[in-house]
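Some notes on the structure that comes next.
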Amino acid sequence: MSILKKIWNVFHSMKCAVILLVILAAACTAGSLIPQGEVAAYYTTVYPKWAGSLILAIDLDHMFTAWWFILMAALLCLNLVLCSILRFPQLRKQYCTYYTPGAARTAGGVTARWLWKPKEEEAKKRVFAGLHFKMVNAPGEDGQPFYYAVRRRVGIWGSWICHLGMIAVIIGFGIGQKYMMDTSVYGVPGQEKQVEGTDITVSIDDFQVLLRDDYTVEQYQAKLTVTDTKTGRSQSGTTQVNSPFHAFGMDFFQNSTGWATTAKAYKGDELLEEKVLCQGEFIGLEEIPLQVQMTAFYPDYYNDGTGPQTLSPVLKNPVVIYTIYYDGNFFSMEAIGTGLPIQIDDYRFVFESPRQYTLIQIVKDPTISYVALGGLLMLIGIFLAFFCRTEELWMYEKDGSMMVCCRSRKGAELFAEKAQEMLEREGKLLLEGDAKEEQDVTDVDKY
């Protein structure tokens, strides 16, 4: 056998598929344990130096787009495709073929066989019917009758359909990693945000946080208008937790929320700047290198000396924690009520109109339907393989009695017990015993 043929035989074998699956499973486990997409300094700081270097060297920081992970997934997909193509003719022949008497006698994988004396001729039919088979009567050798039946033959296709589903999932996942979009916008009602890298804008028409009597959150609801600026088309809807809004092939999820205020900067009585600030954002001046950050917000501020906290999520005593930076350097941090001025020389800053902002996660995956189809095919394949057990029963005359054989690749013992009970009820067992496992006969003829 040539080296190329050996490589070919190994490559499309089940052993190769198992090895690739183990590698991918280990990689996925590592990818779920190691934070993905962080800066290089994160891994060298959080992990031991050797571990951080290893993570960066073999791309464990972006596992699912690493070249070797994609290569392993592509090889597994190719292995499954080759296995499916090569197995299809054999499975089709097995599905469409019935045994002749000679082939049945030499069939491998027989579960059990009995030498049986029926009470009467009709007892044969009752045995098949009692085991839920539709009996097929065919001429046997030397004119002797031969009876054969099979049920749940579709179960033969279980593993093949499961492999087909795996191929769809792998291909869908690979294409999805290249073309999927996962981004976000945030803002307060009245603002319109551009979705990065698209012609889509999102207008936040309204945002509500529905509270129960005990101030726990019942639901977050955002009313949106999504516009395709290229065509001018718009779609409006509501997104809330566990119920995304779908528009233009994208899903808009209510992801999170926080507090925002309107920040104003004055010089004397002249308004220099006005903008909506969410927590962590800045308002700055062009005249001097001065920036004021809305560092934190407490709707019902309270401080007992242990640190700032809020007594409730309701605006009862709203306070902003702000930080001043001058020329990029930290200057001071203070707390102030909304509407009160922050005076810095000739300049005055005010935080007012506190309200909650919404963060909308925007996801687009053009392959999600193919992945879902692949998952469905895998479930169907698993169901067929494990719950549609192919069962066969045949009998033919031998020494004035009937030789009865049964075969099932799964649940064989239970099937044999039921068959033996029916045979004992409808006649007398002269000989019984487990059949010796033999190699399956695949070269069988139709009759």
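Can you list the aspartates and glutamates whose alpha carbon sits under 16 Å from that of LYS125, skipping same-chain ones fewer than 8 residues off?
The qualifying aspartates and glutamates are GLU392, GLU397, GLU421, GLU424, GLU426.
Residue-wise, which Karplus ³J(HN,Hα) couplings in Hz belong to the stretch 348-365, taking 6.51 cos²θ - 1.76 cosθ + 1.60, θ = phi - 60°, and x for glycine or proline?
9, 10, 9, 9, 9, 6, x, 7, 8, 9, 10, 10, 9, 8, 10, 10, 9, 9
Tell me which residues come under 5 Å, amide H to amide H, from ARG409 once H is placed; ignore anything under 5 positions away on its chain.
For ARG409, whose amide H was placed from the backbone, the distant partners under 5 Å are THR390.
List the relative contact order of the stretch 175-297 as a percent without decimals, with contacts defined as Cα pairs under 8 Å and 6+ residues apart. Intermediate results must be reported in sequence, preceding the final value.
Numbers: 209 pairs, mean separation 14.7, N = 123.
For the stretch 175-297, the relative contact order is 12 percent.
Determine the distance separating the Cα centre of the stretch 246-312 from the Cα centre of the stretch 340-366; give it in Å without decimals.
Their Cα centres are 3 Å away from one another.
If ligands, DNA and RNA are left out, what is the accessible area of THR111 with a 1.4 Å probe, given in Å² to the nearest 10?
Result for THR111: roughly 30 Å² accessible.
Considering only protein heavy atoms, what is the solvent-accessible area of CYS28 at a probe of 1.4 Å, reported in Å² to the nearest 10?
Approximately 60 Å² of CYS28 is accessible to the 1.4 Å probe.
Taking only C-alpha pairs under 8 Å that are 6+ residues apart, what is the relative contact order of the chain in percent?
24
Rg (Å, one decimal) plus Dmax (Å, integer) for the alpha carbons of the stretch 302-368?
17.8, 58
Would you list THR257, THR390 from the most to the least accessible area, probe 1.4 Å? Write out the running numbers ahead of the final one.
Values: THR257 45, THR390 20 Å².
Ranked list, largest accessible area first: THR257, THR390.
From the Cα gyration tensor of the stretch 224-311, with a ≥ b ≥ c the square roots of its eigenvalues, which class applies: rounded if a/c is under 1.5, or else prolate if a/b is larger than b/c, or else oblate?
It is oblate, given that a/c is not under 1.5 and a/b is not larger than b/c.
Of the trypsin sites (Lys or Arg not before Pro) in the stretch 174-228, which ones lie in a loop per DSSP and count no more than 12 other C-beta atoms within 10 Å?
Answer in residue order: ARG212.
Quick check on the stretch 158-245: take the gyration tensor over C-alpha atoms, sort the square-rooted eigenvalues as a ≥ b ≥ c, and tell me if it's rounded (a/c under 1.5), prolate or oblate.
Values: a/c = 3.24, a/b = 1.53, b/c = 2.12.
Here the stretch 158-245 falls in the oblate category.
Counting only the heavy atoms of the protein chains, how much of GLU281 is accessible to a 1.4 Å probe, in Å² to the nearest 10?
Only protein atoms counted, so the area is about 50 Å².
Mind checking which of ILE161, ILE342, ILE175 has the largest fluctuation in a GNM of the chain, springs on alpha carbons under 10 Å?
ILE342
Decide, for the stretch 213-266, between rounded, prolate and oblate: order the square roots of the alpha carbon gyration tensor eigenvalues as a ≥ b ≥ c, take rounded if a/c falls under 1.5, and otherwise choose prolate if a/b is larger than b/c, else oblate.
Values: a/c = 3.22, a/b = 1.24, b/c = 2.60.
Cα axes put the stretch 213-266 in the oblate bin.
Checking the cross-link filter: which lysines have an alpha carbon closer than 27 Å to that of LYS119, excluding same-chain neighbours under 8 positions apart?
LYS134, LYS398, LYS418, LYS428
The values are calculated or read from the model by the stated rules, or taken from the named source; none is laboratory data. Given the structure is predicted, the values throughout are model-derived calculations rather than measurements. Using ideal geometry, Cβ is built from the backbone for each residue, glycine included, and neighbour counts are taken over all protein chains shown. All accessible areas refer to the heavy atoms of the entire protein, side chains included, with ligands and DNA or RNA removed. Shrake-Rupley method; radii C 1.70, N 1.55, O 1.52, S 1.80 Å.
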